[in-house]
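First the structure, in the form of structure tokens, and then the observations on it.
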Amino acid sequence: MKPAPAPDFQALLEGLIDGSLSPKELVSLSELLQANSNLRRAALDHLALSEALSGLAPGRDPEAIVRAITEHVIHVAGGSDQLFVSQVIQRVSFRKRLLTAAAAVTFFAAGIFALRMAGLREQPMVAEFMELDAGGHIVTTSEVGQGFKGTLGAGLYRLDFKNGAIVAIEGPANFEVLSPTAMRLNGGQLNAWCPEPAHGFEVVTASGKVTDLGTAFGVSARPDGSADYMVMDGLVEVSAGKDVRRLPEGGALTSSGKAGLSETEFNPAIFTRTWPLSYGILATEGKVLPAPPSTSAQLAVLESNEAVMVIPEKRYVPFDKPFRAEMIAPGTFPDDDPDAGYTLQPIPGARLRSYLIRFNPVGAPGVFNGMFQGSVTFDRPVLAICAQKSFLDDTDATFAEPEWADSEKASSRFRGIDLDQPWTQPDRVRLSEDSRTVHILFNAGLSTDDIRVIVKEG
């Protein structure tokens, strides 16, 4: 007796598309997919319909629906043959147009989910991948494993690795997750920040590799295979073949194939969008802007008469001693409680990071610059806000970078919220209900004005 012929994968997949598979055939297709990773990849190529499905509209002609979907499949798969398109269109009858279109969409969605779940079981998840819209809102999140490849269009994206490394990417970009502690950047640019548990994190390019030694750094990879590496904080090791160099804060190197490594100008302006995102700043509005990417020494002397800057301070600070703050919950200061003052007690094992929301006028103090209103949204809830000079001075030693921690400077005499201002010129700080957005109103210009925002890491 001859053995039963093996199921035809293409026929089963087509049956999945139009919803005609019997229960037995569904089991056969499932067994094929579980047993053969190549078939799973092929099926995923056919089922990558997010763009087409996002434009699906009620009442649309079913043939147009199927053609849009299947042409997208062919595009994703890299082919140009129209046979698959024609075969699927033949399955749509105008007598059953709504039913068939709905069945196709349903089975596509179910197939994508099942295949992705099968892939997840194969590889442990090593990072969370998120996409942001133009306003800084997170629109999609998904967990990804070793071997995950991303070809990204224009926009902002972030990878949060399980070991604590944060990587912000600006598209167009092409990358691959190589391991829980390494990734490849084939094109585009990124900023990475690595806490103590993530030291040793690597970013590989076509012409070199950067290894974190406790730092924040940027990488820009070009189509010709060359790449730039810049260090905003700490130290990295950059290698290109046998050429291995230590690169400190404020340093920059270029790798370019056979030419190895060469020094280049430290000009981190190309990381203007990714640098804030790697530090947890999702969006700003109004007269509040993220500080430009730079070293702490350069940020300390940053001046502007046009905007209030959000400046990252120290990160991964052990929460091992108490500190005082005026705001620890949503509300407005000083309207809600002008005499507020809370002491936050240490949490064993917890780590903190802080930001200075700072107006620093150009030149010597003494010229009033006017009213500044705006907001900043962070990637996690705010733990506390220090809003007055005494609270800021008390927390400088824990959170401030040394260059701007000198509270004796004349320009910092009136830092923080001034409770003695007339009602027509108020200073206000408001924390949103979700504790992620800080709104400020500063009447500033006579001196440096700033508040400190503190969040928990992780």
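The stretch between Ser30 and Ala340 holds 105.4 nm of extra length on full extension. This uses 0.36 nm per residue minus the Cα-Cα distance. Using bins of 5 Å that start at zero, the share of Cα-Cα pairs per bin across the stretch 220-361 amounts to 2, 8, 13, 15, 15, 15, 12, 8, 5, 4, 2, 1, 0, in whole %.
Estimated at the nearest 10 Å², the accessible area of Phe161 is 10 Å² with a 1.4 Å probe.
Using 0.36 nm per residue, how much length does the chain from Ala134 to Thr272 gain when fully extended, once their Cα-Cα distance is taken away?
Values: separation 138, 0.36 × 138 = 49.68 nm, distance 1.43 nm.
Length gained, Ala134 through Thr272: 48.3 nm.
Given a Förster radius of 41 Å and the C-beta distance between Arg428 and Lys162 as r, what FRET efficiency does 1/(1 + (r/R0)^6) yield to the nearest 0.05? Can you show the working numbers first?
Details: r = 39 Å, r/R0 = 0.96.
After rounding, the FRET efficiency stands at 0.55.
Annotation: amide H-H contacts under 5 Å for Asp379 (H modelled 1.01 Å from N, sequence separation of 5 or more, or interchain): Leu282. Over the stretch 176-236, the alpha carbon radius of gyration divided by the compact-protein estimate 2.2 N^0.38 Å works out to 1.02.
The values are calculated or read from the model by the stated rules, or taken from the named source; none is laboratory data. These numbers come from a predicted model, not from an experiment. Cβ sites come from the backbone with ideal geometry, for glycine too, and all protein chains shown count toward neighbours. Protein only, heavy atoms only, side chains kept; ligands, DNA and RNA dropped before computing areas. Shrake-Rupley method; radii C 1.70, N 1.55, O 1.52, S 1.80 Å.
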